[in-house]
């Protein structure tokens, strides 16, 4: 380390002390316990000892002293003047603050002892005891407790063990659960919850008329087997994964990563156990014999943003992406706010800044390539082309092998030609002159030149060469048409990782190795250095206290509007304690012993009595449990953005149920891109892609699809573990006036009118049930019919309005009828109940 | 038009009575996070509070009630406009002394770039003698109302992150913007329009897009609503084709009636909020077309702004901003793009800069004068500035420009409790570093909130394990700015 002039200056001013070192170099050796430890204890241990380790520095132990602080080594054995400890004690410099910070100073004698001790090698006895790993009493760091469901008295309410936990608590508070919701509400609720779509009238009728005791369970099993389950729950995971189809920041260019989105949907549909689901997303590429699907899964951590702005430092934004990977991993799996420890030790949780960078190191070793994912067709075509090219090249080799003979014949004929004929070939002068020289006397260049000329006119060679060219073009084309997807790939050589002092990547501090926070169970690596696969396996180890709790809690939150731990992304000390700790642990334990099956967990929750309660408000609960923490009733929850649009498409009969594929472009209002830096591509779909489910809509981070944005779709900048449910006038304008939504109402009307035998009353009832599952009450039906009548009267009288609303020619015979029913459908699709799961 | 307004109003009144009389839902059941730390101050009629944009009392008596933020996107050159440096003129063409650029990163230029003096002429203006270049005759004419801050400092030197930083106090994308914080803190006085509106002029949208006016982790009700130029400023504001006003009113009536019946059946206050939201949507539909129609403004007013009805421009947006704050909108942000003068053919410090100034200087000054004439300037805070300034070193490309500069640049403020007729802060003799009254972006934000009656330390929201605020972990109120 070169000594800065400033430190040299310091030397001069301290020359007296230094001289004494020279003079007293023969003095008896400094003894750590006798001479040094008392000095450190008096001046340093308060902040750098057993109780507190400011800047990650602990000076009371030999092992931790050697490790240094977040900024790196404090003591450089043999180099006292370069040692930050001494620099600090002597007043500090631009990198090292003055110590002690209270303004006190060490005596020259004390400094002298420290200098001599360090220059002599900073030797100290080994610590008597191993450093105990960090302990915490905080509930979420404790192992899952083995709990059994409690005893309760109200047994008729109990459908499975979940209910006993909830009921025991309610009984203790003197509250009763709510009665079960009626069947129409139940089937709509569970269908929306499990598939994100409303039930059809036929499905409702089947359930209403099913006399079996387990009629409800039959519905649940049908829904869990539906491919729409994977779409609905996959979308929720995509929130956590901050999935989007563009790079973010200012330029926000397009990216191709929809294969990852489809992988997620498919993983849910085949009920890939959550532990494996986790491992493949964090480290699929490192699995032995990794399949292409397992590599695609690593797109999870490629959903980070990329800054394409001119004049940016790529390393800065690579670091940002790695930081985001750590933060997202914390929020998604551990319910920890790890990001808080980026710039300093976590203020509340036992996570040090050094530990943050150990986690950073886990994710710092990857390259970020795009993986080609050929279709089955492309997978067949490419090797076939390859083989054909190889074969043709072999044939070409043979043709070339006896090219010399043909060339000689041609040259002879050429020589025999008249001068005029030769000139007609218009060869370059150097060719003509080379040809004039007998073959045996030509230079090497000339030989090659003539051979090249002849190759181009050799009649045996030409067709073969052309076919090879064309095959290669085909090959190029197939390669270009192959979809790519962003993945992680471990580097051969690790990047070194350092603590970033104050979170600034330009200020590297102490070097760190990959590792996990000491407060959590230890990790055993397969090799010499922990990698992503070790980390992922550690995360889903049966004994990990956080992953299962966090996961079951997030799933629970979807069904009840809030988790058993209300702060679903903060299980730390600043988070809320669980409302039902035993239930949480029982669910987590059951999840693990059930092989981490998410479908089994969903089935368990939705078949519980708690889930099946009515969501109606109960006046007596308003005071006793205003936030419904005790779960004496279900809750009404506004549908998520996609579910609102999807439900409208399903009710109207327009929904395209096609699964997967590249993002689609449903119609959106004009003028969206006047507020982005660049106009984004939006080739509005003309076919059934207009009516695909919302999760397939192309998501530009800088400008999400406005309908979805208005209903709180996340912008995929950071991991989203819970969406807000806002309730705004812009939502009203969207549902009432968005042309794409009006188009759905119009299609709805056309489909209603396609059943010609129905009268108004039956048709209105049918529409009501298609939209809300339940039958309208008399009052509601009358209102709808009166409304229909008034609209019909208007549109009959105003055929031009009718034509516009019905999107028909003004002469069309039923335009007024379609228009009137479009208005009815529009009313139904605007009801609060329609956009709410009750 | 009685047929559309009456029933809605009646219905609303009935719904509220109904809600309490028949549904038996106690006040306690209305789950509302206390927005301000002082519980007592937040305890306003809960039914009103159900509307997330209902006006709320701030922490203390405010000097400003609303904000117009003129965001000059790209980073205007303070050295061509505000900050005259004779020494820079003298050393123009020489390599910048290395002590200025040690450990510095730049977007494009290197540490050995050459200093560049300005070709613009500076003079003093107003009673206060504010020194401004000849590019800003408009601002010169209102110099005594304006507080020029020559000592702005920001943290980040790329456009996107720096814009997000000025708007949200963090260079990370996804944090709430100041308009969102403000409407979250004190709601909006407009019952017919969104509380936070964003206007745009210039060749393209600002770099960063949505996150610049996003609500981050705050409820989406607080996000900025972009106003489009053209007949339909808000998305989906117009009735669908073939649906006339009467039909729209009938439609809304039917929806509201069915919703209030459901409210009676299930007792969920969210339904009541939705009923209010539909009412406000309907009022927006009625009021917005009148709002954006500038043709009713006097010829003198139009001329003062340089506004031409129907022709989108920064001038039109300034006039529109006045009309918006007149109607109680809390925060209006105007973006004008293309201040990124690096030195290409269309981004050098000559004509392109002339053009940007012509487009913005007159209208901004007109806005100050107009607000003042209408008695609105006293409680309307006007802020002018960009995400950063530009380097004292030149950036030679096709022609000459300057690179992004974070260590010292200029913004100005007026009205809303600002002490006008003064300049605050100074940079060193090269215009590089701030040497006097440093105002960090967080300090500006803290001061703006202070003028609006909000303590930036108390306006917080809990997210991912901690209390977040606009000013992150910094910010101090700049008392010198305040009258």
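The values are calculated or read from the model by the stated rules, or taken from the named source; none is laboratory data. Computed from a predicted structure; not experimentally measured. Methodologically, a virtual Cβ is constructed for each residue, glycine included, from the backbone with ideal geometry; neighbour enumeration extends over all protein chains shown.
In this structure, is residue A:122 loosely packed, with under 15 Cβ neighbours inside 10 Å, more than 45 Å from the chain's Cα centre (by Cα) and in a loop (DSSP other than H, G, I, E, B)? Break it down into steps so the answer makes sense when it comes.
On the way: loosely packed, with under 15 Cβ neighbours inside 10 Å: no; more than 45 Å from the chain's Cα centre (by Cα): yes; in a loop (DSSP other than H, G, I, E, B): yes.
It is false that residue A:122 is loosely packed, with under 15 Cβ neighbours inside 10 Å, more than 45 Å from the chain's Cα centre (by Cα) and in a loop (DSSP other than H, G, I, E, B).
Only one of the numbered conditions (1) surrounded by fewer than 19 Cβ atoms within 10 Å (Cβ to Cβ); (2) in contact (Cβ under 8 Å) with a residue 12 or more places away in the chain; (3) outside any strand (DSSP E or B) is violated by residue B:131, and that is (3). Selection of region B:245-265 for residues being more than 7 Å from chain A (Cβ to nearest Cβ), touching a helix residue (DSSP H, G or I) at 6+ places or on another chain (Cβ under 7 Å) and within 23 Å of residue A:817 (Cα to Cα) yields B:245, B:246, B:249, B:252, B:253.
Tell me, which strands (runs of 3 or more DSSP E) wholly within region B:315-406 include 2 or more residues that are more than 19 Å from the chain's Cα centre (by Cα)? Break it down stepwise before answering.
On the way: elements: B:331-336, B:380-385, B:389-396, B:400-405.
The qualifying strands (runs of 3 or more DSSP E) are B:389-396, B:400-405.
As an exercise: evaluate residue B:242 against (1) within 20 Å of residue B:288 (Cβ to Cβ); (2) crowded, with 19+ Cβ neighbours inside 10 Å; (3) at the interface with another protein chain (Cβ under 7 Å from one of its Cβ atoms); (4) at pLDDT 90 or above and give the number of the one condition it does not meet. The one condition residue B:242 does not meet is (1). Note on region B:178-200: among residues that are within 10 Å of chain A (Cβ to nearest Cβ) and not in a loop (DSSP other than H, G, I, E, B), the one that is nearest to residue B:56 (Cα to Cα) is B:198.
Could you please find all residues in region A:288-297 being surrounded by fewer than 20 Cβ atoms within 10 Å (Cβ to Cβ) and within 22 Å of residue A:362 (Cβ to Cβ)? Answer for region A:288-297, where residues must be surrounded by fewer than 20 Cβ atoms within 10 Å (Cβ to Cβ) and within 22 Å of residue A:362 (Cβ to Cβ): A:288, A:290. Scanning region A:720-742 for residues that are more than 8 Å from every other protein chain (Cβ to nearest Cβ), part of a loop (DSSP other than H, G, I, E, B) and either out of contact with any helix residue (DSSP H, G or I) (no Cβ under 8 Å at 6 or more places or on another chain) or surrounded by 21 or more Cβ atoms within 10 Å (Cβ to Cβ) (or both) gives A:720, A:721, A:725.
Tally the residues that are farther than 14 Å from residue A:821 by Cβ and within 13 Å of chain B (Cβ to nearest Cβ), restricting the search to region A:744-792. Full working, then the answer.
Here is the first cut: in region A:744-792, the residues farther than 14 Å from residue A:821 by Cβ are A:757, A:769, A:772-783, A:786.
Narrowing further to those that are within 13 Å of chain B (Cβ to nearest Cβ): A:772, A:774, A:776-783, A:786.
Number of matching residues: 11.
The single residue among B:210, B:236 that is closer than 30 Å to residue A:803 by Cα, buried (at least 20 other Cβ atoms within 10 Å of the Cβ) and facing chain A (nearest Cβ under 7 Å) turns out to be B:236. Selection within region A:688-719: residues that are more than 12 Å from every other protein chain (Cβ to nearest Cβ) and out of contact with any strand residue (DSSP E or B) (no Cβ under 9 Å at 6 or more places or on another chain). The member of this set that is surrounded by the fewest Cβ atoms within 10 Å (Cβ to Cβ) is A:688.
When A:131, A:106, A:76 are checked against the criterion of being exposed (fewer than 15 other Cβ atoms within 10 Å of the Cβ), touching a helix residue (DSSP H, G or I) at 6+ places or on another chain (Cβ under 7 Å) and either assigned by TED's automatic domain parsing to the domain that holds residue A:497 or touching a residue at least 40 places away in the same chain (Cβ under 8 Å) (or both), a single residue qualifies: A:131. I'd like to check something: does region A:497-505 contain any residue that is surrounded by fewer than 21 Cβ atoms within 10 Å (Cβ to Cβ), assigned to a loop (DSSP other than H, G, I, E, B) and either in contact (Cβ under 8 Å) with a residue 24 or more places away in the chain or out of contact with any strand residue (DSSP E or B) (no Cβ under 7 Å at 6 or more places or on another chain) (or both)? Yes, region A:497-505 has at least one match. Hey, any hits in region A:810-828 for a residue that's surrounded by fewer than 21 Cβ atoms within 10 Å (Cβ to Cβ), within 11 Å of chain B (Cβ to nearest Cβ) and free of Cβ contacts under 8 Å to residues at least 60 places away in the same chain? The answer is yes, given that some residue of region A:810-828 is surrounded by fewer than 21 Cβ atoms within 10 Å (Cβ to Cβ), within 11 Å of chain B (Cβ to nearest Cβ) and free of Cβ contacts under 8 Å to residues at least 60 places away in the same chain.
Return yes when residue A:774 is modelled with pLDDT of 95 or more, more than 47 Å from the chain's Cα centre (by Cα), farther than 30 Å from residue A:671 by Cβ and surrounded by 17 or more Cβ atoms within 10 Å (Cβ to Cβ) and no when it is not. No, not satisfied.
Would you point out the residue of region A:340-361, among those that are buried (at least 24 other Cβ atoms within 10 Å of the Cβ) and free of Cβ contacts under 8 Å to residues at least 24 places away in the same chain, that is farthest from the other protein chains (Cβ to nearest Cβ)? Looking at the filtered set, the residue picked out is A:341. Against the test of being surrounded by fewer than 21 Cβ atoms within 10 Å (Cβ to Cβ), within 8 Å of another protein chain (Cβ to nearest Cβ) and over 20 Å from residue A:768 (Cβ atoms), the options B:301, B:286, B:273 yield a single qualifying residue, B:273. Tell me whether region A:266-287 contains one or more residues that are out of contact with any strand residue (DSSP E or B) (no Cβ under 6 Å at 6 or more places or on another chain), within 14 Å of another protein chain (Cβ to nearest Cβ) and either part of a helix (DSSP H, G or I) or surrounded by fewer than 19 Cβ atoms within 10 Å (Cβ to Cβ) (or both). The answer is no, given that none of the residues of region A:266-287 is out of contact with any strand residue (DSSP E or B) (no Cβ under 6 Å at 6 or more places or on another chain), within 14 Å of another protein chain (Cβ to nearest Cβ) and either part of a helix (DSSP H, G or I) or surrounded by fewer than 19 Cβ atoms within 10 Å (Cβ to Cβ) (or both).
Of all the residues in region A:570-629, those that are within 14 Å of chain B (Cβ to nearest Cβ) and not in a loop (DSSP other than H, G, I, E, B) number 7. Out of region B:71-128, which residues are within 16 Å of residue B:154 (Cβ to Cβ), in contact with a helix residue (DSSP H, G or I) (Cβ under 9 Å, 6 or more places away or on another chain), outside any strand (DSSP E or B) and within 14 Å of chain A (Cβ to nearest Cβ)? Result: B:73, B:74, B:75, B:105, B:107.
Number of residues in region B:201-215 that are part of a loop (DSSP other than H, G, I, E, B), touching a strand residue (DSSP E or B) at 6+ places or on another chain (Cβ under 8 Å) and modelled with pLDDT of 85 or more equals 1. How many residues does region B:298-309 hold that are assigned to a loop (DSSP other than H, G, I, E, B) and touching a residue at least 12 places away in the same chain (Cβ under 8 Å)? Residues flagged as assigned to a loop (DSSP other than H, G, I, E, B) and touching a residue at least 12 places away in the same chain (Cβ under 8 Å) within region B:298-309 amount to 3.
Each row is one residue, and each column tells you yes or no for (1) surrounded by fewer than 24 Cβ atoms within 10 Å (Cβ to Cβ); (2) within 19 Å of residue B:138 (Cα to Cα); (3) touching a residue at least 12 places away in the same chain (Cβ under 8 Å).
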{"position": "B:355", "(1), (2), (3)": "yes, yes, no"}
{"position": "B:358", "(1), (2), (3)": "yes, yes, no"}
{"position": "B:365", "(1), (2), (3)": "no, yes, yes"}
{"position": "B:373", "(1), (2), (3)": "yes, yes, no"}
{"position": "B:398", "(1), (2), (3)": "yes, no, yes"}
{"position": "B:404", "(1), (2), (3)": "no, no, yes"}
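Note on region A:299-335: residues that are in contact (Cβ under 8 Å) with a residue 40 or more places away in the chain, within 8 Å of another protein chain (Cβ to nearest Cβ) and either within 10 Å of the chain's Cα centre (by Cα) or over 16 Å from residue A:517 (Cα atoms) (or both) total 3.
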